[in-house]
Structures are given as C-alpha cells and as structure tokens.
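The values are calculated or read from the model by the stated rules, or taken from the named source; none is laboratory data. Small disclaimer: the values here were computed from a predicted structure and weren't measured. A quick note on method: Cβ atoms are made from the backbone with ideal geometry, for glycine too, and the neighbour counts reach across all protein chains shown. The protein model used for the area step is the full one, side chains on, heavy atoms only, and it has no ligands, DNA or RNA in it. Shrake-Rupley method; radii C 1.70, N 1.55, O 1.52, S 1.80 Å.
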Amino acid sequence: LPYFKASDQAFLLISTGTWSIVLNPFNNSDLSQKDLKKDGLNYMRIDGHPVRASRLFLGKEYSLQLKKLRDYYKVDKKAHRAVKFSESIYQQLTKKIQHYFTFEAINTKRKQPQTTILSCFATFEIAYHQLMMELVELQIAHAERAIGKTAVEKIFIDGGFADNDLFVKLIARHFKNLKIRTTQSPLGSALGAAMVLSEKKVKSNFLKKHYAMKKQ
C-alpha cells in the first residue's frame, strides 16, 4: 500500500527474504493453471482489486548454497558482504552459460548437476558471482510472470537482498528499460496498516524519507 500510494508509475515490488515475493498491483489478468503450478497467486488490495504475486524460496536456497561456498573456500561468515558486482567476472562466466549449483530448497525443473560443482571456480568471489547469477535467473522468471502484459515502469526491491550488490545489479542489467529502486523499512507493514486508517495524503518524498529509497 505505501508503494502504491507514493508512486505515480506502474511498478513491480520484489520483497525479498527467506521467501522472495514479487507483487504487481497492476496485473488484472486471470491466474492460469500454469501460474498456479509455478507458485503464482493473487493477493488483494484494500479496494478489492487483485495484486498478482509470484513467490520463490530464494533466501532459504541462498543460505544453503552460501554455507557450501564458505566451507569449501574456508572464508569468514561475512565474506559475501564484501563482494561487489564485477563486470570482468560476469563477462568471464557468461562465455559459458551453464548451471553449477544444485538447488535443494527451490523446486525447479531446470537442468542442473546432481551435486553442486565448485572445483572449477578459482576463488570465492567468482563462485559467489555464479551463485547469484543462477539465483537471479530464477528471480527474473518469477518477476516476468508477475509482470505479464503490464506496462511496468519501475521495480522496487526491498528486504534482505536490497543490500546485495550482485542481486540488484543483475536485476537492473536484465530490466534495462525500467527504473530500479531499493528500499529498506523494518516498519513497512506497520506504516502500511496505519495508512489504511489514515486519510492523510502521501507526499512525493514519502518513500525516500521513510523507506530509505535509493536509485540504482
């Protein structure tokens, strides 16, 4: 609701955490059997209109695979926080598009090895880039499913992955024609609930002031 009231453009919200849920309050098309099988569903706005959603067990899978990376490369638990998107590593990895990670928490029919392969990556940083590329590949598929035929102009990313430089940069690289914004607000749900009861108008700087909105 806060995003809906504060934005004057059609948008997509990718709310990340243990579950990553893509929300589109501008998609009024009916859910198909394929949507339902792919974890697509509808929420409802306070005015009764649908909010198309598509969910992915992203954070859980990320945690499982990150632990394998830390154990294999013998790095500190916070090592991933220092990794920033590298154009050279990205270009190196895209020369041979292949899946190296075996996802366990996410139920996917993608082609993947029987067990995760890390021996071909010289460093933790390179392997981490590959992990994020494979996870974001799934995230993009869910985002596009929620977008459907909607003329979306902006994507908001909030939650845990809003601080992940690789996640944000890879999303932005794919959706080149859309404005990408990251936000952070531990009180987001409370603010939304308060706005339901309040008739106070939302100013244009609301998200920047209360949700730490940043351009990407």
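The one condition from (1) in a loop (DSSP other than H, G, I, E, B); (2) open to solvent by 30 Å² or more (accessible area, probe 1.4 Å); (3) within 19 Å of residue 103 (Cα to Cα) that residue 137 does not meet is (1).
The conditions of being touching a residue at least 24 places away in the same chain (Cβ under 8 Å), of a type in the set (D, E, K, R) and in contact with a helix residue (DSSP H, G or I) (Cβ under 9 Å, 6 or more places away or on another chain) are met by residue 84. I'd like the residue in the range 43-63 that is outside any strand (DSSP E or B) and more than 17 Å from the chain's Cα centre (by Cα) and, out of all such residues, is nearest to residue 26 (Cα to Cα). Checked the range 43-63; the qualifying residue nearest to residue 26 (Cα to Cα) is 49. Taking the condition within 19 Å of the chain's Cα centre (by Cα) and among the small types (Gly, Ala, Ser), does residue 162 pass? So residue 162 fits the description; yes. Looking across the range 149-191, the residues that are under 22 Å from residue 56 (Cβ atoms), assigned to a helix (DSSP H, G or I) and either open to solvent by 20 Å² or more (accessible area, probe 1.4 Å) or not hydrophobic (A, V, I, L, M, F, W, C) (or both) come down to 160, 163, 165, 169, 172, 173, 174, 188, 189.
One line per residue, one yes/no per condition, for (1) out of contact with any helix residue (DSSP H, G or I) (no Cβ under 8 Å at 6 or more places or on another chain); (2) crowded, with 17+ Cβ neighbours inside 10 Å:
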{"position": "14", "(1), (2)": "no, yes"}
{"position": "44", "(1), (2)": "yes, no"}
{"position": "50", "(1), (2)": "yes, yes"}
{"position": "55", "(1), (2)": "no, yes"}
{"position": "61", "(1), (2)": "no, yes"}
{"position": "90", "(1), (2)": "no, yes"}
{"position": "100", "(1), (2)": "no, yes"}
{"position": "109", "(1), (2)": "yes, no"}
